[in-house]
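*Asks:* Could you have a look at this structure, given as C-alpha coordinates, before my questions?
The values are calculated or read from the model by the stated rules, or taken from the named source; none is laboratory data. Since we're looking at a predicted model, the values are computed, not measured. No Cβ is skipped: glycine too gets one built from the backbone with ideal geometry, and neighbour counts run over all protein chains shown. Just the protein is used for accessible areas: all its heavy atoms, side chains included, with ligands, DNA and RNA removed. Shrake-Rupley method; radii C 1.70, N 1.55, O 1.52, S 1.80 Å.
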Amino acid sequence: MFPTEIPLSDFPILDQSIHGRRLVYLDNAATTQKPMAVLEASRRYYESINSNIHRGTHQLARAATDAYENARQTVAKHLYAESADEVIFTSGTTAGINLVSNILALSGRITAGDEVLISTLEHHSNIVPWQILCQRTGATLKVIPCEEDGSLDQEAFLRLLKGNVKILALTWVSNAFGTVNPVHEMIRAAKSAGALVLIDAAQSSAHLPIDVQSLGADFLAFSGHKIYAPTGIGVLWGRASLLHDLPPWQGGGEMIKEVTFAHTTYNDPPFKYEAGTPNIEGAIALAAAIDYVNNIGIKAIHAHETTLIRAAEKALSLIPGIRFFGPADRSGSLSFLVEGIHHYDLGTLLDQMGVAVRTGHHCCQPLMARFGITGTTRASFALYNTLQDVEALAECTQKAVGMLR
Ligand code: PMP
(Lines give C-alpha, C1' and ligand atoms only; values in the text may rest on other atoms or scores of the structure.)
Protein backbone atom coordinates (compact mmCIF):
# COMPACT_ATOMS: atom_id res chain seq x y z
CA MET A 1 0.00 0.00 0.00
CA PHE A 2 2.86 2.43 0.73
CA PRO A 3 4.43 4.84 -0.03
CA THR A 4 2.16 6.24 -2.74
CA GLU A 5 -0.60 3.79 -3.28
CA ILE A 6 -3.33 5.42 -1.17
CA PRO A 7 -5.54 6.64 -4.02
CA LEU A 8 -6.30 10.35 -3.84
CA SER A 9 -9.89 9.38 -4.66
CA ASP A 10 -10.08 7.87 -1.14
CA PHE A 11 -9.65 11.39 0.32
CA PRO A 12 -11.40 13.83 -2.04
CA ILE A 13 -10.64 16.84 0.19
CA LEU A 14 -6.93 16.44 -0.49
CA ASP A 15 -7.46 16.83 -4.23
CA GLN A 16 -7.64 20.62 -4.22
CA SER A 17 -5.51 23.74 -4.54
CA ILE A 18 -4.99 26.26 -1.76
CA HIS A 19 -3.84 29.73 -2.89
CA GLY A 20 -3.16 28.16 -6.29
CA ARG A 21 -0.86 25.45 -4.88
CA ARG A 22 -1.43 21.74 -4.31
CA LEU A 23 -2.79 21.26 -0.79
CA VAL A 24 -0.22 19.64 1.49
CA TYR A 25 -2.15 18.77 4.63
CA LEU A 26 0.16 18.33 7.63
CA ASP A 27 -2.21 19.20 10.48
CA ASN A 28 -3.28 15.64 11.19
CA ALA A 29 -2.65 15.81 14.93
CA ALA A 30 -5.41 18.44 15.07
CA THR A 31 -7.76 16.40 12.92
CA THR A 32 -7.48 13.88 10.10
CA GLN A 33 -9.26 13.90 6.75
CA LYS A 34 -12.00 11.34 6.14
CA PRO A 35 -11.85 8.56 3.55
CA MET A 36 -14.78 7.91 1.21
CA ALA A 37 -15.52 4.70 3.15
CA VAL A 38 -16.31 6.85 6.21
CA LEU A 39 -18.24 9.50 4.27
CA GLU A 40 -20.27 6.75 2.63
CA ALA A 41 -20.99 5.05 5.97
CA SER A 42 -22.41 8.34 7.33
CA ARG A 43 -24.42 8.94 4.21
CA ARG A 44 -25.74 5.36 4.07
CA TYR A 45 -26.88 5.67 7.66
CA TYR A 46 -28.93 8.81 6.97
CA GLU A 47 -30.16 7.56 3.60
CA SER A 48 -31.35 4.18 4.77
CA ILE A 49 -31.63 3.54 8.52
CA ASN A 50 -31.67 6.85 10.45
CA SER A 51 -33.73 6.26 13.58
CA ASN A 52 -33.35 6.50 17.34
CA ILE A 53 -31.87 3.41 18.92
CA HIS A 54 -32.56 0.80 21.62
CA ARG A 55 -36.24 1.34 22.39
CA GLY A 56 -37.89 1.23 18.99
CA THR A 57 -39.90 -1.73 17.79
CA HIS A 58 -39.98 -0.71 14.15
CA GLN A 59 -37.60 -1.93 11.45
CA LEU A 60 -35.49 1.23 11.15
CA ALA A 61 -34.97 1.45 14.91
CA ARG A 62 -33.83 -2.16 14.96
CA ALA A 63 -31.46 -1.63 12.01
CA ALA A 64 -29.97 1.53 13.58
CA THR A 65 -29.58 -0.23 16.94
CA ASP A 66 -27.84 -3.18 15.28
CA ALA A 67 -25.49 -0.89 13.36
CA TYR A 68 -24.65 1.12 16.51
CA GLU A 69 -24.03 -2.00 18.61
CA ASN A 70 -22.01 -3.59 15.79
CA ALA A 71 -19.87 -0.45 15.80
CA ARG A 72 -19.28 -0.99 19.52
CA GLN A 73 -18.16 -4.56 18.74
CA THR A 74 -15.76 -3.26 16.07
CA VAL A 75 -14.21 -0.84 18.55
CA ALA A 76 -13.98 -3.54 21.24
CA LYS A 77 -12.24 -5.91 18.85
CA HIS A 78 -9.89 -3.17 17.67
CA LEU A 79 -8.88 -2.41 21.27
CA TYR A 80 -8.72 -6.10 22.27
CA ALA A 81 -11.25 -5.32 25.00
CA GLU A 82 -12.55 -8.28 26.97
CA SER A 83 -16.10 -7.25 26.17
CA ALA A 84 -17.98 -4.61 24.17
CA ASP A 85 -19.58 -3.59 27.49
CA GLU A 86 -16.28 -1.89 28.27
CA VAL A 87 -16.68 0.48 25.31
CA ILE A 88 -18.52 3.73 26.03
CA PHE A 89 -19.23 6.05 23.14
CA THR A 90 -18.47 9.67 24.02
CA SER A 91 -18.09 12.86 22.02
CA GLY A 92 -14.28 12.63 22.16
CA THR A 93 -11.20 12.36 24.35
CA THR A 94 -12.11 15.44 26.37
CA ALA A 95 -15.54 14.01 27.18
CA GLY A 96 -14.00 10.66 28.18
CA ILE A 97 -11.51 12.24 30.59
CA ASN A 98 -14.19 14.47 32.11
CA LEU A 99 -16.45 11.46 32.56
CA VAL A 100 -13.75 9.58 34.48
CA SER A 101 -12.73 12.55 36.64
CA ASN A 102 -16.36 13.20 37.54
CA ILE A 103 -17.27 9.62 38.43
CA LEU A 104 -14.12 9.29 40.53
CA ALA A 105 -15.01 12.47 42.43
CA LEU A 106 -18.64 11.38 42.86
CA SER A 107 -17.62 7.93 44.07
CA GLY A 108 -15.52 9.34 46.90
CA ARG A 109 -12.51 7.32 45.66
CA ILE A 110 -10.49 10.53 45.54
CA THR A 111 -10.70 12.76 48.58
CA ALA A 112 -8.71 15.39 50.49
CA GLY A 113 -5.09 14.34 50.96
CA ASP A 114 -5.06 12.14 47.85
CA GLU A 115 -2.88 12.88 44.84
CA VAL A 116 -3.62 12.96 41.12
CA LEU A 117 -0.56 12.47 38.93
CA ILE A 118 -0.29 13.87 35.42
CA SER A 119 2.72 14.86 33.29
CA THR A 120 4.21 18.03 31.84
CA LEU A 121 3.41 16.69 28.35
CA GLU A 122 -0.36 16.72 28.84
CA HIS A 123 -2.89 18.45 26.60
CA HIS A 124 -5.15 20.89 28.48
CA SER A 125 -7.87 18.20 28.21
CA ASN A 126 -5.85 15.99 30.52
CA ILE A 127 -4.97 18.80 32.93
CA VAL A 128 -8.04 20.94 33.54
CA PRO A 129 -10.53 18.13 34.41
CA TRP A 130 -8.08 16.96 37.10
CA GLN A 131 -7.63 20.50 38.43
CA ILE A 132 -11.41 20.75 38.74
CA LEU A 133 -11.49 17.38 40.53
CA CYS A 134 -8.76 18.56 42.92
CA GLN A 135 -10.62 21.81 43.66
CA ARG A 136 -13.76 19.80 44.44
CA THR A 137 -12.22 17.07 46.51
CA GLY A 138 -9.21 18.73 48.17
CA ALA A 139 -6.84 16.33 46.39
CA THR A 140 -3.47 17.61 45.11
CA LEU A 141 -2.29 17.68 41.50
CA LYS A 142 1.26 16.40 40.99
CA VAL A 143 3.16 16.66 37.72
CA ILE A 144 5.88 14.40 36.28
CA PRO A 145 8.63 16.71 35.00
CA CYS A 146 9.91 16.70 31.44
CA GLU A 147 13.54 16.32 30.42
CA GLU A 148 15.27 18.67 27.97
CA ASP A 149 14.75 16.17 25.11
CA GLY A 150 10.97 16.19 25.61
CA SER A 151 10.78 12.80 27.35
CA LEU A 152 9.45 12.34 30.88
CA ASP A 153 11.81 12.12 33.86
CA GLN A 154 11.29 8.47 34.83
CA GLU A 155 13.21 8.73 38.12
CA ALA A 156 11.05 11.63 39.23
CA PHE A 157 7.99 9.60 38.19
CA LEU A 158 8.97 6.69 40.43
CA ARG A 159 9.64 9.11 43.31
CA LEU A 160 6.23 10.74 42.83
CA LEU A 161 4.57 7.31 42.96
CA LYS A 162 5.77 6.96 46.56
CA GLY A 163 3.21 9.63 47.52
CA ASN A 164 -0.51 9.03 47.86
CA VAL A 165 -1.30 8.79 44.15
CA LYS A 166 -4.86 7.62 43.44
CA ILE A 167 -4.76 8.04 39.66
CA LEU A 168 -2.13 8.50 36.98
CA ALA A 169 -3.59 10.29 33.94
CA LEU A 170 -1.03 10.13 31.16
CA THR A 171 -0.84 10.79 27.47
CA TRP A 172 0.55 7.95 25.36
CA VAL A 173 1.85 10.24 22.61
CA SER A 174 2.42 13.98 23.02
CA ASN A 175 0.43 16.03 20.53
CA ALA A 176 2.92 18.89 20.86
CA PHE A 177 6.26 17.06 20.48
CA GLY A 178 5.38 13.54 19.28
CA THR A 179 7.05 12.01 22.36
CA VAL A 180 5.99 8.39 22.85
CA ASN A 181 5.79 7.67 26.56
CA PRO A 182 6.82 4.19 27.77
CA VAL A 183 3.24 3.59 28.84
CA HIS A 184 3.53 -0.15 29.46
CA GLU A 185 6.28 0.34 32.06
CA MET A 186 4.67 3.42 33.55
CA ILE A 187 1.28 1.71 33.91
CA ARG A 188 2.94 -1.28 35.59
CA ALA A 189 4.71 0.99 38.09
CA ALA A 190 1.57 2.99 38.81
CA LYS A 191 -0.54 -0.15 39.31
CA SER A 192 2.05 -1.62 41.69
CA ALA A 193 1.80 1.62 43.65
CA GLY A 194 -1.97 1.03 43.93
CA ALA A 195 -3.05 3.82 41.58
CA LEU A 196 -5.68 3.74 38.87
CA VAL A 197 -4.43 4.65 35.38
CA LEU A 198 -6.10 6.59 32.59
CA ILE A 199 -4.37 6.73 29.21
CA ASP A 200 -5.06 9.61 26.83
CA ALA A 201 -4.80 7.84 23.49
CA ALA A 202 -5.91 10.81 21.36
CA GLN A 203 -2.57 10.87 19.54
CA SER A 204 -1.79 7.16 19.56
CA SER A 205 -5.03 5.75 18.16
CA ALA A 206 -4.16 6.51 14.51
CA HIS A 207 -0.49 5.56 14.78
CA LEU A 208 0.03 2.67 17.21
CA PRO A 209 -1.75 -0.63 17.88
CA ILE A 210 -3.77 -0.56 21.09
CA ASP A 211 -4.30 -3.67 23.19
CA VAL A 212 -6.02 -2.64 26.40
CA GLN A 213 -5.47 -6.05 27.98
CA SER A 214 -1.71 -5.99 27.56
CA LEU A 215 -1.55 -2.30 28.50
CA GLY A 216 -3.09 -2.96 31.90
CA ALA A 217 -4.57 0.53 32.39
CA ASP A 218 -8.04 1.12 33.83
CA PHE A 219 -9.34 3.70 31.37
CA LEU A 220 -8.33 4.77 27.86
CA ALA A 221 -9.85 7.62 25.86
CA PHE A 222 -9.58 8.65 22.21
CA SER A 223 -11.34 10.81 19.62
CA GLY A 224 -12.80 9.54 16.35
CA HIS A 225 -11.77 12.61 14.36
CA LYS A 226 -8.08 11.88 14.89
CA ILE A 227 -8.47 8.41 13.36
CA TYR A 228 -10.24 9.35 10.10
CA ALA A 229 -13.77 9.40 11.61
CA PRO A 230 -16.05 12.42 12.09
CA THR A 231 -15.90 14.94 14.93
CA GLY A 232 -18.31 14.50 17.84
CA ILE A 233 -17.62 10.79 18.38
CA GLY A 234 -15.06 9.21 20.67
CA VAL A 235 -14.49 6.24 22.92
CA LEU A 236 -13.85 5.73 26.58
CA TRP A 237 -12.73 2.20 27.30
CA GLY A 238 -13.02 1.27 30.98
CA ARG A 239 -12.28 -1.87 32.98
CA ALA A 240 -15.60 -3.75 33.41
CA SER A 241 -15.41 -4.11 37.20
CA LEU A 242 -14.75 -0.38 37.65
CA LEU A 243 -17.54 0.66 35.29
CA HIS A 244 -19.81 -1.62 37.23
CA ASP A 245 -18.85 -0.19 40.63
CA LEU A 246 -18.52 3.52 39.82
CA PRO A 247 -21.58 5.78 39.81
CA PRO A 248 -23.05 7.37 36.70
CA TRP A 249 -22.27 11.00 35.88
CA GLN A 250 -24.94 12.37 33.55
CA GLY A 251 -28.55 11.32 34.02
CA GLY A 252 -31.20 10.92 31.34
CA GLY A 253 -32.65 8.41 28.90
CA GLU A 254 -30.72 5.20 28.10
CA MET A 255 -28.83 5.14 31.39
CA ILE A 256 -31.75 3.92 33.51
CA LYS A 257 -33.46 0.64 34.28
CA GLU A 258 -36.45 2.08 36.13
CA VAL A 259 -37.45 5.58 37.15
CA THR A 260 -39.95 6.66 39.79
CA PHE A 261 -40.10 10.09 41.39
CA ALA A 262 -38.80 8.48 44.55
CA HIS A 263 -35.95 6.41 43.11
CA THR A 264 -34.07 5.46 39.93
CA THR A 265 -32.15 2.29 39.18
CA TYR A 266 -29.37 2.48 36.62
CA ASN A 267 -28.71 0.49 33.49
CA ASP A 268 -25.62 -1.72 33.22
CA PRO A 269 -22.41 -0.41 31.62
CA PRO A 270 -21.86 0.84 28.97
CA PHE A 271 -25.41 2.27 28.82
CA LYS A 272 -25.11 3.62 32.37
CA TYR A 273 -22.60 6.13 30.97
CA GLU A 274 -24.41 6.99 27.74
CA ALA A 275 -27.26 9.26 28.86
CA GLY A 276 -29.36 10.70 26.04
CA THR A 277 -29.42 10.00 22.33
CA PRO A 278 -25.85 9.23 21.29
CA ASN A 279 -24.05 10.13 18.06
CA ILE A 280 -25.38 7.08 16.22
CA GLU A 281 -24.03 8.01 12.80
CA GLY A 282 -20.69 8.96 14.36
CA ALA A 283 -20.29 5.55 15.99
CA ILE A 284 -21.09 3.79 12.70
CA ALA A 285 -18.65 6.04 10.81
CA LEU A 286 -15.98 5.42 13.47
CA ALA A 287 -16.33 1.67 12.89
CA ALA A 288 -15.89 2.30 9.14
CA ALA A 289 -12.74 4.35 9.88
CA ILE A 290 -11.33 1.58 12.08
CA ASP A 291 -12.02 -0.96 9.33
CA TYR A 292 -10.28 1.33 6.82
CA VAL A 293 -7.20 1.64 9.06
CA ASN A 294 -7.08 -2.09 9.79
CA ASN A 295 -7.37 -2.89 6.10
CA ILE A 296 -4.08 -1.07 5.58
CA GLY A 297 -2.64 -2.19 8.92
CA ILE A 298 -1.71 0.13 11.78
CA LYS A 299 1.87 -1.17 11.88
CA ALA A 300 2.33 -0.40 8.17
CA ILE A 301 0.85 3.06 8.76
CA HIS A 302 3.24 3.68 11.64
CA ALA A 303 6.24 2.54 9.60
CA HIS A 304 5.20 4.79 6.70
CA GLU A 305 4.72 7.82 8.95
CA THR A 306 8.03 7.19 10.69
CA THR A 307 9.77 7.25 7.30
CA LEU A 308 8.09 10.59 6.56
CA ILE A 309 8.94 12.16 9.93
CA ARG A 310 12.59 11.11 9.66
CA ALA A 311 12.80 12.43 6.10
CA ALA A 312 11.18 15.72 7.21
CA GLU A 313 13.60 16.10 10.12
CA LYS A 314 16.55 15.43 7.84
CA ALA A 315 15.43 17.86 5.15
CA LEU A 316 14.47 20.61 7.62
CA SER A 317 17.69 20.24 9.60
CA LEU A 318 19.50 21.95 6.68
CA ILE A 319 17.85 25.22 7.75
CA PRO A 320 20.29 27.22 9.93
CA GLY A 321 18.95 27.94 13.41
CA ILE A 322 16.24 25.22 13.38
CA ARG A 323 15.51 23.50 16.67
CA PHE A 324 13.41 20.34 16.96
CA PHE A 325 11.44 19.39 20.05
CA GLY A 326 10.85 15.90 21.38
CA PRO A 327 13.00 12.76 21.28
CA ALA A 328 14.20 11.29 17.97
CA ASP A 329 11.79 8.32 18.00
CA ARG A 330 8.71 10.54 17.87
CA SER A 331 5.32 9.52 16.54
CA GLY A 332 2.94 11.52 14.36
CA SER A 333 4.23 15.04 14.96
CA LEU A 334 7.42 16.99 14.26
CA SER A 335 7.62 20.26 16.19
CA PHE A 336 10.22 22.93 15.53
CA LEU A 337 11.23 26.57 15.85
CA VAL A 338 13.57 28.57 13.65
CA GLU A 339 15.74 31.06 15.51
CA GLY A 340 14.54 34.64 15.16
CA ILE A 341 11.29 33.65 13.41
CA HIS A 342 7.87 33.59 15.04
CA HIS A 343 6.07 30.29 14.56
CA TYR A 344 2.89 32.13 13.58
CA ASP A 345 4.64 34.06 10.77
CA LEU A 346 6.13 30.84 9.45
CA GLY A 347 2.76 29.06 9.56
CA THR A 348 1.07 31.95 7.74
CA LEU A 349 3.64 31.94 4.94
CA LEU A 350 3.45 28.14 4.65
CA ASP A 351 -0.32 28.43 4.25
CA GLN A 352 0.22 30.90 1.39
CA MET A 353 2.24 28.14 -0.28
CA GLY A 354 -0.50 25.52 0.25
CA VAL A 355 1.15 23.80 3.24
CA ALA A 356 -1.18 23.40 6.23
CA VAL A 357 0.72 23.10 9.52
CA ARG A 358 -0.25 24.12 13.04
CA THR A 359 1.43 26.86 15.03
CA GLY A 360 1.03 27.91 18.65
CA HIS A 361 0.92 26.19 22.02
CA HIS A 362 -1.00 23.11 20.80
CA CYS A 363 -3.20 23.27 23.95
CA CYS A 364 -0.08 22.53 26.00
CA GLN A 365 0.69 25.88 27.64
CA PRO A 366 2.44 24.36 30.70
CA LEU A 367 4.72 22.36 28.37
CA MET A 368 5.55 25.51 26.38
CA ALA A 369 6.27 27.32 29.66
CA ARG A 370 8.64 24.49 30.68
CA PHE A 371 10.67 25.16 27.52
CA GLY A 372 10.37 28.96 27.81
CA ILE A 373 8.59 29.26 24.46
CA THR A 374 5.14 30.47 23.39
CA GLY A 375 4.64 27.81 20.75
CA THR A 376 6.14 25.85 17.88
CA THR A 377 5.43 25.05 14.26
CA ARG A 378 4.15 21.49 14.05
CA ALA A 379 3.91 19.26 11.00
CA SER A 380 1.88 16.15 11.74
CA PHE A 381 1.50 13.16 9.48
CA ALA A 382 -1.15 10.67 8.42
CA LEU A 383 -1.38 7.59 6.23
CA TYR A 384 -2.10 9.64 3.07
CA ASN A 385 0.99 11.86 3.34
CA THR A 386 3.87 11.20 0.96
CA LEU A 387 7.55 12.00 0.49
CA GLN A 388 6.35 14.62 -1.98
CA ASP A 389 4.55 16.31 0.94
CA VAL A 390 7.76 16.19 2.95
CA GLU A 391 9.68 17.80 0.08
CA ALA A 392 7.03 20.53 -0.18
CA LEU A 393 7.25 21.15 3.58
CA ALA A 394 11.05 21.43 3.48
CA GLU A 395 11.21 23.57 0.34
CA CYS A 396 8.44 25.94 1.46
CA THR A 397 9.92 26.26 4.95
CA GLN A 398 13.33 27.11 3.43
CA LYS A 399 11.67 29.71 1.24
CA ALA A 400 9.55 31.18 4.04
CA VAL A 401 12.54 31.41 6.36
CA GLY A 402 14.45 33.22 3.59
CA MET A 403 11.58 35.70 3.26
CA LEU A 404 11.31 36.27 7.03
CA ARG A 405 14.99 36.71 7.71
N1 PMP B 1 -5.37 14.81 24.28
C2 PMP B 1 -4.50 14.96 23.28
C3 PMP B 1 -3.11 14.39 23.42
C4 PMP B 1 -4.87 15.62 22.12
O5 PMP B 1 -4.01 15.76 21.11
C6 PMP B 1 -6.20 16.12 22.01
C7 PMP B 1 -6.66 16.88 20.78
N8 PMP B 1 -5.72 17.74 20.25
C9 PMP B 1 -7.07 15.93 23.07
C10 PMP B 1 -6.62 15.26 24.19
C11 PMP B 1 -8.47 16.42 23.04
O12 PMP B 1 -9.19 15.77 22.02
P13 PMP B 1 -10.64 16.25 21.62
O14 PMP B 1 -10.55 17.75 21.41
O15 PMP B 1 -10.94 15.52 20.37
O16 PMP B 1 -11.55 15.91 22.75
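*Asks:* Considering GLU82, GLU69, GLU148, which residue is under 30 Å from PHE177 (Cβ atoms) and surrounded by fewer than 20 Cβ atoms within 10 Å (Cβ to Cβ)?
*Replies:* Sole residue among the options that is under 30 Å from PHE177 (Cβ atoms) and surrounded by fewer than 20 Cβ atoms within 10 Å (Cβ to Cβ): GLU148.
*Asks:* Kindly indicate which of GLY163, GLY194 is open to solvent by 50 Å² or more (accessible area, probe 1.4 Å), at pLDDT 95 or above, in a loop (DSSP other than H, G, I, E, B) and under 21 Å from GLY108 (Cβ atoms).
*Replies:* From the options GLY163, GLY194, the qualifying one is GLY194.
*Asks:* Note down all Cβ pairs under 7 Å where the first residue falls in segment 293-316 and is under 12 Å from SER331 (Cβ atoms), the second is assigned to a helix (DSSP H, G or I) and not acidic (Asp, Glu), and they're at least six residues apart or on different chains.
*Replies:* Every condition considered, the pairs that remain are ILE301/VAL293; LEU308/LEU387; LEU308/VAL390.
*Asks:* For the structure I just gave you, tell me whether LEU117 is part of a strand (DSSP E or B), more than 16 Å from the ligand (Cβ to nearest atom) and within 22 Å of LEU215 (Cα to Cα).
*Replies:* Here the answer is yes, as LEU117 does meet what is asked.
*Asks:* Something else now. Among the residues of segment 380-402, which ones are closer than 16 Å to HIS304 by Cβ and either without any contact (Cβ under 8 Å) to a residue 40 or more places away in the chain or polar (S, T, N, Q) (or both)?
*Replies:* Matches in segment 380-402: SER380, ASN385, THR386, GLN388.
*Asks:* While we're looking at this one, here's another question. Within segment 33-61, how many residues are surrounded by 15 or more Cβ atoms within 10 Å (Cβ to Cβ) and either among the hydroxyl-bearing types (Ser, Thr, Tyr) or modelled with pLDDT under 95 (or both)?
*Replies:* 4
*Asks:* Any idea which of (1) within 16 Å of the ligand (Cβ to nearest atom); (2) within 18 Å of ILE187 (Cα to Cα); (3) open to solvent by 20 Å² or more (accessible area, probe 1.4 Å) is the one LYS142 doesn't satisfy?
*Replies:* (1)
*Asks:* Same structure, new question: Here's a check for you: in segment 120-135, which residue that is aliphatic (A, V, I, L, M) and within 13 Å of the ligand (Cβ to nearest atom) is least open to solvent (accessible area, probe 1.4 Å)? Walk me through how you get there before you give the answer.
*Replies:* Quick first cut of segment 120-135, residues aliphatic (A, V, I, L, M) only: 121, 127-128, 132-133.
From what is left, the residues that are within 13 Å of the ligand (Cβ to nearest atom) are 121, 127-128.
Numbers: LEU121: 1, ILE127: 17, VAL128: 66 Å².
If we take residues in segment 120-135 being aliphatic (A, V, I, L, M) and within 13 Å of the ligand (Cβ to nearest atom), then LEU121 is least open to solvent (accessible area, probe 1.4 Å).
*Asks:* Does VAL173 satisfy the criteria of being within 15 Å of the ligand (Cβ to nearest atom), of a type in the set (Val, Ile, Thr), modelled with pLDDT of 95 or more and open to solvent by less than 10 Å² (accessible area, probe 1.4 Å)?
*Replies:* So VAL173 fits the description; yes.
*Asks:* Here's another thing I want to ask about it. Being of a type in the set (A, V, I, L, M) and in contact (Cβ under 8 Å) with a residue 40 or more places away in the chain is the filter here, so list the residues in segment 40-75 that pass it.
*Replies:* Result: ALA41, ILE53, ALA64, ALA67, ALA71, VAL75.
*Asks:* Next question, about the same structure. Can you find, within segment 225-243, the residue that is nearest to the chain's Cα centre (by Cα) among those that are over 28 Å from TYR266 (Cα atoms) and among the β-branched types (Val, Ile, Thr)?
*Replies:* Ranking the candidates gives ILE227 first.
*Asks:* Taking into account only those residues within segment 209-220 that are within 16 Å of the ligand (Cβ to nearest atom) and assigned to a loop (DSSP other than H, G, I, E, B), which is surrounded by the most Cβ atoms within 10 Å (Cβ to Cβ)?
*Replies:* Looking at the filtered set, the residue picked out is ALA217.
*Asks:* Against the condition in contact with a Ser or Thr (Cβ under 9 Å, 6 or more places away or on another chain) and open to solvent by less than 10 Å² (accessible area, probe 1.4 Å), how does ALA64 come out, does it pass?
*Replies:* yes
*Asks:* Another question about this same structure. Mind listing whichever residues of segment 221-267 are aliphatic (A, V, I, L, M), in contact with a strand residue (DSSP E or B) (Cβ under 9 Å, 6 or more places away or on another chain) and either assigned to a loop (DSSP other than H, G, I, E, B) or touching a residue at least 12 places away in the same chain (Cβ under 8 Å) (or both)? Before you say what the answer is, go through the steps one by one.
*Replies:* First, the residues of segment 221-267 that are aliphatic (A, V, I, L, M): 221, 227, 229, 233, 235-236, 240, 242-243, 246, 255-256, 259, 262.
Those still in the list that are in contact with a strand residue (DSSP E or B) (Cβ under 9 Å, 6 or more places away or on another chain) too: 221, 229, 233, 235-236, 242-243, 246, 255-256, 259.
Answer for segment 221-267, where residues must be aliphatic (A, V, I, L, M), in contact with a strand residue (DSSP E or B) (Cβ under 9 Å, 6 or more places away or on another chain) and either assigned to a loop (DSSP other than H, G, I, E, B) or touching a residue at least 12 places away in the same chain (Cβ under 8 Å) (or both): ALA221, ALA229, ILE233, VAL235, LEU236, LEU242, LEU243, LEU246, MET255.
*Asks:* Moving on to the next point. Out of LEU236, LEU246, LEU286, LEU242, which single residue is over 19 Å from GLY92 (Cα atoms) and either within 16 Å of the ligand (Cβ to nearest atom) or open to solvent by less than 10 Å² (accessible area, probe 1.4 Å) (or both)?
*Replies:* Result: LEU246 is the single residue among LEU236, LEU246, LEU286, LEU242 that is over 19 Å from GLY92 (Cα atoms) and either within 16 Å of the ligand (Cβ to nearest atom) or open to solvent by less than 10 Å² (accessible area, probe 1.4 Å) (or both).
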